[in-house]
Each structure stands twice: as structure tokens, then as C-alpha cells.
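So the structure is just underneath, and the comments pick up after that.
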Amino acid sequence: MPRIIVIDDEKNICRTVSMVLMGEDYDVETASSAEDGLAQIQADAFDVAILDVQLGGMSGIELLEKLHKFPQAPEVIMMSGHAMLSDAVNATRLGAFDFLEKPLDRDRLLLSVRNAVERRTLTQKIQSLEDANTTPDFCGILGESPAMLKIKDAITVVAPTKGRVLITGESGVGKDLVARAIHAKSDRAKRSFVKVNCSAIPAELIESELFGHEKGSFTGAAVSKKGLFEMANNGTIFLDEIGDMSLAAQSKVLRVLQNGEYMRVGAEKLSYVDVRVIAATNKDLKKCVADGTFREDLYFRLNVVPIHVPPLRDRLTDVPLLLNAFLAQIAAEYGRTPLSVTDRASELLGQYTYPGNIREL
């Protein structure tokens, strides 16, 4: 059942919208302020958030900006009783799915929510295709080029150990699949694998996201929340794009790596966690250390086992295998017969440089 949150400081609007949506079998929660809504979204998963532009305290536009920096952010529908073209343009520019004028038209509201849920579902399906486990041993890592065989060998060797792994490579080469394969072949395979996109979490929220917070520890913290490290306890946490993490957050991560200690925001005592850390970056961390944007001690703690994933242009012999696998996945998803590729198309695809790597293919 799709989950919707309605955020408006007018309680009658929240009540009316909730009744309409619940009548169509949506699971609906409400919030009377942006801060309360943000806390609920941080603590739970929603498919769609319906926000008023004008809210007491933080505005709907400010909340929209924050939400679209979240991993797995809900689709956002904005609404306003004093709609101006500039509001609609600004909301769309910031990533809003739709903009509705008050008084809300019931059919227009339902159509917008239905379309937002459909896009959310499609986005999740596309993500699941990217993460699909097409081979049981290597979690969808495809390729028989010498470079990929070397990576598979490295995964097989490092997975059973407790060694931390630093995966490097350009965006789109499949660093997350390497991390998942290491976890899948480790003795923690039946435990949680928690992926953290460090570049997508706002700097002011990353400590709360990683380590959790206690109720009332800051404005908007309406409920206590587990952090991602706690969620990954006894399993694996994957710190993707760690080169984008602030120095302040780096120091907190270093503390966990050194002795397993962390502290929730607002807590008075330490907590402990047993977690394997795998990190990835598309940056040259040695250069970042030299520039002073990345801690040298954290770099050495993470770079125990380095694995470099080459760009697709350096292993073009893998393109036919990848192409056929993707076509087969898409065909299965939509119940279609897999498409075939002409010789001319194969030739052209084998000559392209793929600046976006596998994601672009």
C-alpha cells in the first residue's frame, strides 16, 4: 500500500486530503509543520509527500530542498492557496513532481498522487535492475575481460576476511555491485547490507543519519531514530562517495573504525557496533589528503584492501555481455521477448567511449 504524508499547518486541509486518499486505499500520515514532517520522513519511508508552500517556521520550499538531498526521497507534490507562477517554477526547478492550487480539486489530486506513486515505483524498479543479482556469486558483476576477472579474484580473496575495502573508480562503473558481492560472499551475508550515499546527505544531517538521534535532541527531532551504523550492526555498511563527506563527519567515522564507538546525537552515553566497513569514491583520496579535505588517518584506516574498477572504455570486450544481460532483464521485467542487436549496432556500441560507464550503457 503506497504511503503518503500530508504536511500543512491547516489541520482541516490535512484532514480533508487524508480522507480522500484513504478512501482510495492509501496509507496516510499528517504533519502540521515542516519540522514535524521532516522528522517523520527521516524516521520512516514514504512514497509521496504533499507539502504546502507556506508553512510556519521552515517553508515548504525549504523542506523540498532538504528532501531531495535524501537517499530514497519521496516524490513531492506542492500545493498553495496563493499560487504564483514563480512558486510553481521554483518548486519544479527544485524537483517537485507537481504543483496544485487550493482549493484542491479531488480528481486532480488523485491523478497527481497516482502518477507520483507510479513514477516512484518505476524509479525503484530501475534501481532494482541496476542492483539485480544476475549471477549468484558476484551480485550482477558481469565481464570476462582480464580486468574484471582480476576484480572477481580480489572479491573472492577479501570477502571471507574482516579487512576494510576501499573501492575506487569513475561514476557508473559498478562500485556498489563490488561492495554487495564482498558482503554476499562474507560470513556476514545473512546480516544487513546498508548503503550510504555520502554525497546525497546534507552536511547538517549526516551525523544524525549515520549515528541516529534521541528524541528532542534538536529542532524537528520528534522521535528517536536509529542511525545507519546501528542498522548495519553485525553486517556491512557501504559508505559510497566517502570523498564527499565533511571533515567533521570523517572524525566521527574514524572513531567507529578505531574502537567501534559512536554516540547518537543528544545521547549521554556511548554505544558500540560491530560492522564491516566498505567505502567507495570517484575521487583521488591521496590528492584530497594533500589538499586537506580528507583525513589522512581515515584514509589509511579505509584503504586496507584497495580495489579499482576500471571504466567501461578500458574493457569494451565486456559490452556485448553487459548489453545482452540488460536487454534480458528489461524484457523479463515487462514480459517481453528480448530484443536482438544488429551487427552494425554492436559495432557502434563497441566503439563508443561511455563517459557515463555502465550506467550510461
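Only the coordinates and a few stated rules stand behind these numbers; no lab work does. Values in this document were obtained by computation on a predicted structure and should not be read as measured data. Positions of Cβ are generated from backbone atoms using ideal geometry, with glycine treated the same way; all protein chains shown enter the neighbour counts.
Okay, here's what the table says:
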quantity: Distance between the range 174-219 and the range 94-111 - C-alpha centres, whole angstrom; calculated: 33 Å
quantity: Gaussian network model of the chain, springs between alpha carbon atoms under 10 Å - residue of 216, 140, 163 with greatest fluctuation; calculated: 216
quantity: Pairwise FRET efficiency - residue 199 versus residue 110, Cβ, R0 = 35 Å, nearest 0.05; calculated: 0.50
quantity: Antiparallel bridge percentage (DSSP; both residues within the chain; nearest 5); calculated: 10 percent
quantity: Length released on extending from residue 330 to residue 223, taking residue separation times 0.36 nm less the Cα-Cα span; calculated: 34.5 nm
quantity: Separation of the residue 286 and residue 68 label points, Cα + 7 Å toward Cβ, nm; calculated: 3.8 nm
quantity: Point-charge dipole on Cβ atoms (K/R +1, D/E -1) for the chain, about Cα centre, debye to 20; calculated: 1180 debye
quantity: Of the DSSP H helices in the chain, those whose Cα atoms cover at least 20 Å axially and whose Kyte score averages 0.5 or more; calculated: 319-334
quantity: Farthest positive-ward along the chain dipole, Cα basis, beta-carbon charges - from 302, 217, 23; calculated: 302
quantity: Candidates 73, 328, 249: whichever shows maximal mean-square fluctuation once the chain is modelled as a Gaussian network with Cα springs under 10 Å; calculated: 328
quantity: Cα centroid of the range 1-56 to Cα centroid of the range 269-334, whole Å; calculated: 36 Å
quantity: Cleavage-rule hits, GluC sites (Glu not before Pro), the range 193-237, DSSP coil, Cβ neighbours within 10 Å at most 14; calculated: 204
quantity: Computed label-point distance, nm, for sites residue 171 and residue 121 using a 7 Å Cα→Cβ extension; calculated: 3.0 nm
quantity: Sites residue 215 and residue 316, calculated FRET efficiency, Cβ-Cβ separation with R0 41 Å, nearest 0.05; calculated: 0.15
quantity: Potential lengthening between residue 149 and residue 349 on full extension [0.36 nm per residue; Cα-Cα distance subtracted]; calculated: 69.8 nm
quantity: For the chain, built as a Gaussian network whose Cα springs stay under 10 Å, the top-fluctuating residue of 145, 246, 86; calculated: 86
quantity: For a label point 7 Å along the Cα-to-beta-carbon line of residue 274, residues of the range 222-237 with backbone N under 16 Å; calculated: 230-237
quantity: Top positive-direction residue, dipole computed over the chain with Cβ charges, set 260, 5, 346; calculated: 260
